[in-house]
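Novice: Here it is, the structure, as structure tokens.
The values are calculated or read from the model by the stated rules, or taken from the named source; none is laboratory data. Note that the structure is predicted; figures quoted are calculated from it, not measured. FYI the Cβ positions are ideal-geometry reconstructions off the backbone, even for glycines, and counts take in every protein chain you see. Quick note on the areas: whole protein, heavy atoms, side chains included, nothing else; ligands and nucleic acids left out. Shrake-Rupley method; radii C 1.70, N 1.55, O 1.52, S 1.80 Å.
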There are 6 protein chains.
Amino acid sequence: MSNQVEEFNAYRAKMNEKILADNNKVIKRIFNLDTNAYMEGTLDVKTKELLGLVASAVLRCDDCIKYHLETSYKEGISKEQVMEALSIATLVGGTIVIPHLRRAYEFWEALEAES
Amino acid sequence: MSNQVEEFNAYRAKMNEKILADNNKVIKRIFNLDTNAYMEGTLDVKTKELLGLVASAVLRCDDCIKYHLETSYKEGISKEQVMEALSIATLVGGTIVIPHLRRAYEFWEALEAES
Amino acid sequence: MSNQVEEFNAYRAKMNEKILADNNKVIKRIFNLDTNAYMEGTLDVKTKELLGLVASAVLRCDDCIKYHLETSYKEGISKEQVMEALSIATLVGGTIVIPHLRRAYEFWEALEAES
Amino acid sequence: MSNQVEEFNAYRAKMNEKILADNNKVIKRIFNLDTNAYMEGTLDVKTKELLGLVASAVLRCDDCIKYHLETSYKEGISKEQVMEALSIATLVGGTIVIPHLRRAYEFWEALEAES
Amino acid sequence: MSNQVEEFNAYRAKMNEKILADNNKVIKRIFNLDTNAYMEGTLDVKTKELLGLVASAVLRCDDCIKYHLETSYKEGISKEQVMEALSIATLVGGTIVIPHLRRAYEFWEALEAES
Amino acid sequence: MSNQVEEFNAYRAKMNEKILADNNKVIKRIFNLDTNAYMEGTLDVKTKELLGLVASAVLRCDDCIKYHLETSYKEGISKEQVMEALSIATLVGGTIVIPHLRRAYEFWEALEAES
């Protein structure tokens, strides 16, 4: 099951590299910002990861959800906390979020199985 | 071709079970509401299914579309009626709905092939 | 309170006229389709109006909601039926639909007050 | 400037009352859930408010943003923390979030001016 | 009628100033990028403005549409070209774009009236 | 790698045929409009393709992106121009566009590999 995590990361890394190699300034800066925005600030890293997760969930972006699930997992955020964040996302975003919830659950299990 | 229906339902059931086993109250209640909302009321079940279908289509949620297609099929809603509902969805939601229309068509054929 | 209905219709009519006077073919045809799509077909006009209403609600388009509320009202759809349709929209689209629900309620009252 | 806060709350309260008086079960339960979901759980109330704020911001729902800004303000969340949460929303949701950021800023000022 | 343009610009400028004064790095950089992205590149400024306009229209962001309408107007893009771009937006994004089309039309007239 | 292009086109053609065979008038006219809207007008075909691409990207419709990438490729639009258009889409639509950017990149490579 952990293959799902590896495959996701491999594809992501491969394509990011190609995109950045192209030297489009706007895209490069957005990628940069994407790293900076989740760094410790007035809000701690865990809170920011959960904010990124919920934003991704209500906008229904599976890859973005997976990315924040993985970072959340590495930051030691518990499954219960992730689920609580996702429950808010499901309430705010509606039942159309549920299919993404299923895939989020599956990916979280893959993260647990991998370690 | 009917495998598409079985696979969809099997994955859906498996993950729903896991999600509900986690006992997040908000999510459990949303799942409950999702069942209640489509029951006979002032509007009949068929109309409600079509409302759910159109809402899913304009929000471009393939899994939600499939779910409502299957329930519509079981409720005896005709292909022509489903298509008419989806034509309104395509007009309101724009040509970005068309790829979902293709997959909806394919899933409807799978539903017909299965029975 | 009925001024809300009149103002909405007056602005809508005035701007539609200007847009159509410009003779952009694509836009003219979309306007045409918008009339045709809600005509009696395999589905009756009331069902279609409710489909348009729910599509508008989950996509959170206040003007589109108002338009379909007015047509629904003229077609004799009851407040209870409209509310039931909007409850499905709120469930599918999430709590972000609620502010539009408030304005829909207010507009429905204006429609009732007007007649 | 604090009138903005009062007007917002007055309209919200008035229309919520009317909606709930109608006894649509699905809508009533969604309103209930909306209260429960932000209560202390594994995540504390402040974190949940920020999650609700970011979800509202990326989905670009001004009224939802205002609601969570007010609750955040009452919970003692600082302007800097709110801004940091909104900066993530703007990055994830794109520059289309900026107009909502302007109105959020204005509403936050109204909240400060009111107290 | 040109007041609409002035009011829009005044509010926009006032709030942008306040937001930028707060020194949130992520937001400041996004504002910066927003200026850079529309500068002459492989694509000329006019094409980029139309791209920004269509992106704003399908995402149904009135303020973003107004901003790009004004820049398009200053760049000498004709009304017919703007309308053709917006017709593509209406087709891709569906009839829910139409209310924004009305307001876009009104704003374009205000731009013409102002000069 | 060019299989991705063939498979995409084959599925698209097969399902479009089935949909059109069903004779739903509204859908047929939308399909027709979809062809007409991108024809030479006041704006040239290349500009229109880029408008369609950016609209598809911010609305995060992978199939629509692929379609416009292929047409852009055939029209002789350069990779650099496509990337510049997509950089605007990523800025306007936010980091949730990035996963679609990865798949767009992959598809563009498939288009180059095919010829």
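Novice: Considering only region A:20-60, state which residues are hydrophobic (A, V, I, L, M, F, W, C) and over 20 Å from residue D:93 (Cβ atoms).
Specialist: Start the filter on region A:20-60 by keeping residues that are hydrophobic (A, V, I, L, M, F, W, C), which leaves A:20-21, A:26-27, A:30-31, A:33, A:37, A:39, A:43, A:45, A:50-51, A:53-55, A:57-59.
Residues satisfying the conditions are A:20, A:21, A:45.
Novice: Let me ask something additional. For region D:79-115, what are the residues that are small (Gly, Ala, Ser), open to solvent by less than 40 Å² (accessible area, probe 1.4 Å) and either closer than 25 Å to residue E:8 by Cβ or touching a residue at least 60 places away in the same chain (Cβ under 8 Å) (or both)?
Specialist: Looking only at region D:79-115, we keep the residues that are small (Gly, Ala, Ser), and these are D:85, D:87, D:89, D:93-94, D:104, D:110, D:113, D:115.
Narrowing the set further to residues that are open to solvent by less than 40 Å² (accessible area, probe 1.4 Å) leaves D:85, D:87, D:89, D:93-94, D:104, D:110.
Across region D:79-115, the qualifying residues are D:87, D:89, D:93, D:94, D:104, D:110.
Novice: Filter region F:32-60 down to the residues that are farther than 17 Å from residue C:28 by Cβ and hydrophobic (A, V, I, L, M, F, W, C) and list them by number.
Specialist: Passing the criteria: F:43, F:45, F:50, F:51, F:53, F:54, F:55, F:57, F:58, F:59.
Novice: Moving on to the next point. Those residues that are touching a Ser or Thr at 6+ places or on another chain (Cβ under 9 Å) and over 18 Å from residue B:78 (Cβ atoms), I need them from region B:96-113; list them, please.
Specialist: B:96, B:97, B:98, B:100
Novice: Still on this structure, I have one more. Mind listing whichever residues of region D:1-52 are closer than 20 Å to residue C:107 by Cα, of a type in the set (S, T, N, Q) and more than 10 Å from chain C (Cβ to nearest Cβ)?
Specialist: D:9
Novice: If you don't mind, another one. Output the residues belonging to region E:8-49 that are without any contact (Cβ under 8 Å) to a residue 24 or more places away in the chain, open to solvent by 60 Å² or more (accessible area, probe 1.4 Å) and within 22 Å of residue E:82 (Cα to Cα).
Specialist: E:35, E:39, E:40, E:44
Novice: Among the numbered criteria (1) more than 9 Å from every other protein chain (Cβ to nearest Cβ); (2) buried (at least 20 other Cβ atoms within 10 Å of the Cβ); (3) among the small types (Gly, Ala, Ser), which single criterion is violated by residue D:56?
Specialist: In the conditions (1) more than 9 Å from every other protein chain (Cβ to nearest Cβ); (2) buried (at least 20 other Cβ atoms within 10 Å of the Cβ); (3) among the small types (Gly, Ala, Ser), residue D:56 misses (1) alone.
Novice: Against the conditions (1) within 11 Å of the chain's Cα centre (by Cα); (2) under 29 Å from residue E:29 (Cβ atoms), where does residue F:73 fall short? Just the number, please.
Specialist: (2)
Novice: Still on this model: Starting from region E:50-67, keep only residues that are within 18 Å of residue E:98 (Cβ to Cβ), then list their pairs with residues that are of a type in the set (Ser, Thr, Tyr) whose Cβ atoms are within a distance under 6 Å, requiring at least 6 positions of separation or different chains.
Specialist: Close Cβ pairs (under 6 Å, with a partner that is of a type in the set (Ser, Thr, Tyr)) amount to E:64/E:56; E:65/E:56.
Novice: I'd like the full set of residues that are acidic (Asp, Glu) and under 24 Å from residue E:95 (Cβ atoms), limited to region B:71-91.
Specialist: B:80, B:84 - these are the residues of region B:71-91 that are acidic (Asp, Glu) and under 24 Å from residue E:95 (Cβ atoms).
Novice: Which of the numbered conditions does residue E:9 fail, given that it passes all the others? Conditions: (1) under 12 Å from the mean Cα position of the chain (by Cα); (2) polar (S, T, N, Q); (3) closer than 18 Å to residue F:55 by Cα.
Specialist: The number of the failed condition is (3).
Novice: Turning to a different aspect of this structure: Do the conditions hold for residue B:6, that is, is it outside any helix (DSSP H, G or I), modelled with pLDDT of 95 or more and among the charged types (D, E, K, R)? Show your work before the answer.
Specialist: Details: outside any helix (DSSP H, G or I): no; modelled with pLDDT of 95 or more: yes; among the charged types (D, E, K, R): yes.
Against the criterion (outside any helix (DSSP H, G or I), modelled with pLDDT of 95 or more and among the charged types (D, E, K, R)), residue B:6 does not qualify.
Novice: Tally time: how many residues in region D:63-103 are away from chain F (no Cβ under 14 Å) and under 22 Å from residue A:45 (Cβ atoms)?
Specialist: Summing the residues that are away from chain F (no Cβ under 14 Å) and under 22 Å from residue A:45 (Cβ atoms) in region D:63-103 gives 13.
Novice: Within region F:66-78, can one find any residue that is small (Gly, Ala, Ser) and open to solvent by 30 Å² or more (accessible area, probe 1.4 Å)? Before the answer, list the steps.
Specialist: Restricting attention to region F:66-78, the residues satisfying the condition of being small (Gly, Ala, Ser) are F:72, F:76, F:78.
In the following step, the residues that additionally are open to solvent by 30 Å² or more (accessible area, probe 1.4 Å) were identified as F:76, F:78.
Within region F:66-78, one or more residues are small (Gly, Ala, Ser) and open to solvent by 30 Å² or more (accessible area, probe 1.4 Å).
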